[in-house]
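The values are calculated or read from the model by the stated rules, or taken from the named source; none is laboratory data. These numbers were taken from a predicted model, which means no experiment stands behind them. Virtual Cβ from ideal backbone geometry, glycine too; neighbours counted across all protein chains shown. Protein only, heavy atoms only, side chains kept; ligands, DNA and RNA dropped before computing areas. Shrake-Rupley method; radii C 1.70, N 1.55, O 1.52, S 1.80 Å.
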Amino acid sequence: MKRNLLLVLVLSLFVILTGCSNPNEVIDDKTAQQIAEESFEKWYGIDSYDMDLSMDMKMSVSSETVDISIDGQATVFQNPIKMKMVMDTMIPGMDQTMQITQYMVEEGQIVTIYQQLDGQWYKTVIDDPAMSQMMQMDPRENMELFMNNLVQAEIVGEEKVGERDTYKIDLLASGEIFNQVLEDMTDESLGLNSEMFSKDIFSKIGDMKYTVWIDKNTLETVKCYMDLTDNMRNLGSAMAEDQDSPEELKEVFSNMEMSMEYSVYNHNQAQDFTIPEEAKNAKEIPMN
């Protein structure tokens, strides 16, 4: 079960960090696609930023409904990767919110993750070529992957987000984007079974809708939202038709509801941070 949830989270976060037909509207001689592309290019070109994020997941497992909600704040430095994230998580079966603090640091070919849970620090060192390659991928390559699979871009309105005047743009990317995700995630060293999530199954996941709010004056990405419910249920339907798919996974994906939203601010102005000594001295937990 934990691996199944991890797969969904990793898949979703990959899509967050990455992220053609003629749009319905052209503003200032730029199409919706061009505005989005310039905004992503600007985002991936900055050194640091802060981010608020939330994720909601609901699924039924053995006739029991499981609700998971995550609200958090993150500070991200992009080259090399250095990230701090504080998350408040509602875990099924618990009456109170659990806070998780996590640091991630990239040093050469090694990625180290420090995590505080229930007052206890843990450390995981990832010295793995496949994982390192994923971590060191230029975000512009992810943007190119997303844009190459873009099938529709449309400016659907103009909205105020905080003090910013923004374009609200709907982007629709072909489900083919997940084939590349699958190739990256099913490497044996990442612990995922390529037979469990075959290209045939992923080909039925459907197109992905991604809504972005972009500052009209600076073209900075301000907010993003995606609802992956239909994609997850399409995945469940495809697995239901495959006799080799685990029954537990069929049930998890067939009724899943999943959405996420995040806001980006302090572009190039994020405050630096240091990793606590107690985290550095924490007991190391093996990756596998």
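Numbers for the structure displayed
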{"quantity": "Of all residues in the range 61-75 being open to solvent by less than 40 Å² (accessible area, probe 1.4 Å) and over 14 Å from the mean Cα position of the chain (by Cα), the one that is nearest to Val212 (Cα to Cα)", "calculated": "Thr75"}
{"quantity": "Test result for Gln78, over 19 Å from the mean Cα position of the chain (by Cα) and modelled with pLDDT of 85 or more", "calculated": "no"}
{"quantity": "Single unsatisfied condition, Glu106 versus (1) surrounded by 17 or more Cβ atoms within 10 Å (Cβ to Cβ); (2) modelled with pLDDT of 90 or more; (3) of a type in the set (D, E, K, R)", "calculated": "(2)"}
{"quantity": "Within the range 201-282, helices (runs of 4 or more DSSP H) holding 1 or more residues that are of a type in the set (Phe, Trp, Tyr) and either more than 23 Å from Leu150 (Cβ to Cβ) or open to solvent by 80 Å² or more (accessible area, probe 1.4 Å) (or both)", "calculated": "247-254"}
{"quantity": "Hits in the range 45-62 (condition: over 27 Å from Glu251 (Cβ atoms) and of a type in the set (Val, Ile, Thr))", "calculated": "Ile46"}
{"quantity": "Single condition Gly162 does not satisfy, out of (1) open to solvent by less than 30 Å² (accessible area, probe 1.4 Å); (2) at pLDDT below 95", "calculated": "(1)"}
{"quantity": "Some residue of the range 49-57 being part of a strand (DSSP E or B), in contact with a His (Cβ under 6 Å, 6 or more places away or on another chain) and surrounded by 14 or more Cβ atoms within 10 Å (Cβ to Cβ)", "calculated": "yes"}
{"quantity": "Residue under evaluation Met131, criteria (1) assigned to a strand (DSSP E or B); (2) at pLDDT below 95, criterion not met", "calculated": "(1)"}
{"quantity": "Inter-residue pairs, beta-carbon under 7 Å, first closer than 20 Å to Met57 by Cβ and in the range 238-256, second buried (at least 18 other Cβ atoms within 10 Å of the Cβ) and among the β-branched types (Val, Ile, Thr), 6+ apart", "calculated": "Ala238/Ile201; Met239/Ile201"}
{"quantity": "Complete set of residues in the range 107-123 that are under 20 Å from Gln73 (Cβ atoms) and part of a strand (DSSP E or B)", "calculated": "Ile113, Tyr114, Gln115, Gln116, Leu117, Trp121"}
{"quantity": "Positions within the range 150-166 being of a type outside the set (D, E, K, R) and touching a helix residue (DSSP H, G or I) at 6+ places or on another chain (Cβ under 6 Å), in sequence order", "calculated": "Ala153, Ile155"}
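Every residue, every condition in (1) charged (D, E, K, R); (2) within 25 Å of Thr166 (Cα to Cα), yes or no:
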site: Met232; (1), (2): no, no
site: Asp242; (1), (2): yes, no
site: Glu247; (1), (2): yes, no
site: Phe253; (1), (2): no, no
site: Met256; (1), (2): no, no
site: Ser259; (1), (2): no, yes
site: Ser263; (1), (2): no, yes
site: Asn266; (1), (2): no, yes
site: Lys280; (1), (2): yes, no
